[in-house]
Amino acid sequence: MNFAIAEGVTILQRTPRVLRELLEGLPESWIKATEGPDTWSPFDVVGHLIHGERTDWIPRVEIVLTHGEERAFTPFDRFAQFEASGGKSLGELLDTFEELRAANLKRLATLKIVPADLARRGRHPELGVVTLGQLFATWVAHDLSHLQQITRVMGRQYKEAVGPWRAYLPMLGAG
């Protein structure tokens, strides 16, 4: 599938609702569940998505549109959520994510990106030259990847409880 901005936005618009429907009102045992040491809980993932909304996607779009390859993107702190989310409830995080995503999609609409703009180039601090289209496609795939991560983490809480059905549930892992 080739990337089309309008199709990508349909996913980006839905992510806050999907997260709210999936997580809101669940007990802490679901929200704070992990897959073990140094892994993320659903709570951590929502915090990570918030950080991306604040510092990654639209700021990078604006760098590409304004500076092209001349200015590298600001490096992204993939672990900033651990400090930033401290003391907050999941409800607060979901509200914040929803507000930031709506604002970013509104900002994106004001930029009036056309298909030809998707070939414009920017510079990632580790990956080198990337296109605006790749950045947008990554934003969408990033959302989907973290939705998958959340459901995998939650499902693996029943890894042993499902007994022999585990053989039919690849997300629970082998063995």
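Average accessible surface for region 77-175: 61 Å² per residue, computed with a 1.4 Å probe over protein heavy atoms with every protein chain in place.
First select every other residue whose beta carbon is under 13 angstrom from the beta carbon of ILE5; then total the charges, Lys and Arg +1, Asp and Glu -1. Every neighbour counted, the sum reads 0. Under 27 Å of direct C-alpha separation, and excluding same-chain neighbours fewer than eight residues apart, LYS112 reaches no lysines at all.
Only Cα pairs under 8 Å and 6+ residues apart enter the sum, and on that basis the relative contact order of the chain stands at 30 percent. Relative intensity of the chain on a log10 scale, I(q)/I(0) at q = 0.08, 0.11, 0.16, 0.20 Å⁻¹, equals -0.29, -0.53, -1.00, -1.32, per a Debye sum over C-alpha point scatterers of equal strength in the absence of solvent. Computed over the chain with a Gaussian network model linking Cα atoms closer than 10 Å, the most mobile of VAL140, VAL162, VAL64 is VAL162. The portion of the accessible surface of the chain made up by carbon and sulfur, rounded to a whole percent, is 56 (1.4 Å probe; DNA, RNA and ligands excluded).
The values are calculated or read from the model by the stated rules, or taken from the named source; none is laboratory data. In this text, all values refer to a predicted model and were calculated from it rather than measured experimentally. Quick reminder, even Gly has a Cβ in these numbers, built from the backbone with ideal geometry, and neighbours come from all protein chains shown. SASA here: full protein model, heavy atoms, side chains in, ligands and nucleic acids out. Shrake-Rupley method; radii C 1.70, N 1.55, O 1.52, S 1.80 Å.
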